[in-house]
1. Of (1) of a type in the set (V, I, T); (2) within 22 Å of E252 (Cα to Cα); (3) buried (at least 20 other Cβ atoms within 10 Å of the Cβ), T159 satisfies all except one. Which?
2. Find all pairs meeting these conditions: Cβ atoms under 7 angstrom apart; at least six residues apart or on different chains; first residue within the range 194-208 and basic (K, R); second residue part of a helix (DSSP H, G or I).
3. Can you name the condition, by its number, that L354 falls short on among (1) surrounded by 15 or more Cβ atoms within 10 Å (Cβ to Cβ); (2) of a type outside the set (V, I, T); (3) closer than 25 Å to V247 by Cβ?
4. If we scan the range 284-300, do we find a residue that is more than 28 Å from I165 (Cβ to Cβ), touching a residue at least 40 places away in the same chain (Cβ under 8 Å) and among the hydroxyl-bearing types (S, T, Y)?
5. Report whether or not L204 is surrounded by 17 or more Cβ atoms within 10 Å (Cβ to Cβ) and either acidic (D, E) or at pLDDT 95 or above (or both).
6. Would you pick out the residues in the range 152-181 that are within 19 Å of D229 (Cβ to Cβ), out of contact with any strand residue (DSSP E or B) (no Cβ under 6 Å at 6 or more places or on another chain) and in a loop (DSSP other than H, G, I, E, B)?
7. Just checking, does the range 288-304 include any residue being of a type in the set (A, V, I, L, M) and under 43 Å from the mean Cα position of the chain (by Cα)?
Amino acid sequence: MQLTKKIMGVFAISKRFLTLLFVLVLTIAAAGFAEASVATKQVKVNYSDIKLVVDGKAVSILPSQEPFMLNGVTYVPLRLAGEALDCYVNWQGQTKTVNISSKSSAQVISLMTQVKQKDQEITTLKARVAELEKQLEQEKAAGEDLDDLEDELLDDYDTLEDVEIDDITLDGDEDEVEVEIEVDLGDYDDEWNDLNDNDIEDWLEDLVADIQDELDDDTEVTGVIIDTDSDDVLVDFEKDGDDDLDVDFEDEDYRGGSDIEDVEDSLDGDRYSVDNLDFAVSYVNCDEEDEEVVVYLDAEDSDASSRWSDISDSDKENDVEDICDDIVDIFDDDAGVDVETVNVYFYDENNQLLDNFEYDVDSGELS
C-alpha cells in the first residue's frame, strides 16, 4: 500500500514537472515575439511523434526537443528548427530575445565576392587577349613588310663585288632587326679572298642605310655574313640608330695576314662623325718605327665650315678620342701594330683645314 502511494506521489510530481516544463517552453516561445506579454499558464499538450523533415532529409530530434501540438498548432523548438535550417540561434536572457541569423548569408557573400573577383579576372584576361591579338596582327604585318624588304634587298644587293649573295633574311621589327646574309665560299672562295675590308664595309654601310630608311632611322641593326659552305661567320656588323657602323671580321683564313698597307687601304673611305658632322677618311699613313698614325678626314657636309664652330670643345674632344681609339684598335687587330700617337686632321667642304688633334694612346687623351 505504501509502495502504491509512493508511485502515485512520483507520478504526481512528474506530471507537475511536465506541466511546468511546457509552461516554460511556451514562455520562451512567447518571448521570441516582439512586444509579447509575459505570463504563465498551465496547458495540456499532445505528443504525436511529430517528425521534422528539411529539404527531404529527416532531422534527428532529441527527447527534450520533441515537437508537440496545442490547440491545433504544432510547436517546434526554435533552436531545433533554426539549426535544421542551417541558421544560428542565440538566446539572450537579459533582453529575452532569440536571435536567428542565416549561416548561408556569409557563404553567399563569400561566393558573390568570388564571382566578382572571377569577373575581374575574366575582364583582365579579355583585355590581355585583345592586346595579344593586336600585337599578333602587328607582328604579322611587320613580318609581311620584312618579307617585302628582304626581296628588295636581295634584288639591290645580289652581289658583293664579284661574290654572289645567296640570301638575305630579316627578323625583328622597326626597333631592332637582325640580318643574316649568306654567301657560298665553296663557289666564291677566290672572289672573297680578293675583297678588301673597305669593299665589305661600304657594301654593308649601304645595305644597313636602306634597311633604316625603310624601317626607322633609329632602328638598331645587327647582323652576320655566313659562309653556307662551312657554316662559319665571316663578318659581324652592328649599327644602333645614327651611330657609326661597327664591323668585325671573323674570316681569319682570308684576313688574318693583313699588313699595314692593307689596313691603310681598308680605312680609306671609312666614315666618322664629330657631333652631327660627317667625315670620310681620305688619307692614312702608319709609321711603324715611330708608332705613329696620321689620318686626314674630309667633311661630307656642304656647310661644315660654318657648323664646326658651333660644336663645343668638349664634344669635339670626346668624338675625336673615340675616332682615334677605333683607328688604334684596327691597326692592332688587323696588322698587329702598336700605335703610340694618332694625329688627325679635319678638312671642310672646300678642303680647308678646320682643326687638328694629337691623341696619346697611353693616356687615352688628346694632348
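The values are calculated or read from the model by the stated rules, or taken from the named source; none is laboratory data. Since this is a predicted model, take the numbers as computed values, not measurements. Glycine gets a Cβ as well: all are built from the backbone with ideal geometry, and neighbour counts include every protein chain shown.
1. So the condition that T159 fails would be (3).
2. none
3. Going through the list (1) surrounded by 15 or more Cβ atoms within 10 Å (Cβ to Cβ); (2) of a type outside the set (V, I, T); (3) closer than 25 Å to V247 by Cβ, L354 breaks only (3).
4. For the range 284-300, residues more than 28 Å from I165 (Cβ to Cβ), touching a residue at least 40 places away in the same chain (Cβ under 8 Å) and among the hydroxyl-bearing types (S, T, Y): present.
5. For L204, the condition - surrounded by 17 or more Cβ atoms within 10 Å (Cβ to Cβ) and either acidic (D, E) or at pLDDT 95 or above (or both) - is met.
6. Result: E161, D162.
7. No, there is no match, as no residue in the range 288-304 is of a type in the set (A, V, I, L, M) and under 43 Å from the mean Cα position of the chain (by Cα).
Conditions tested, residue by residue: (1) closer than 20 Å to R271 by Cα; (2) touching a residue at least 60 places away in the same chain (Cβ under 8 Å); (3) in contact with a helix residue (DSSP H, G or I) (Cβ under 6 Å, 6 or more places away or on another chain); (4) of a type in the set (S, T, N, Q).
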site	(1), (2), (3), (4)
E321	yes, no, no, no
C324	yes, no, no, no
I327	yes, yes, no, no
V337	no, yes, yes, no
Y345	yes, no, no, no
N350	yes, no, no, yes
L353	yes, no, no, no
D360	no, no, no, no
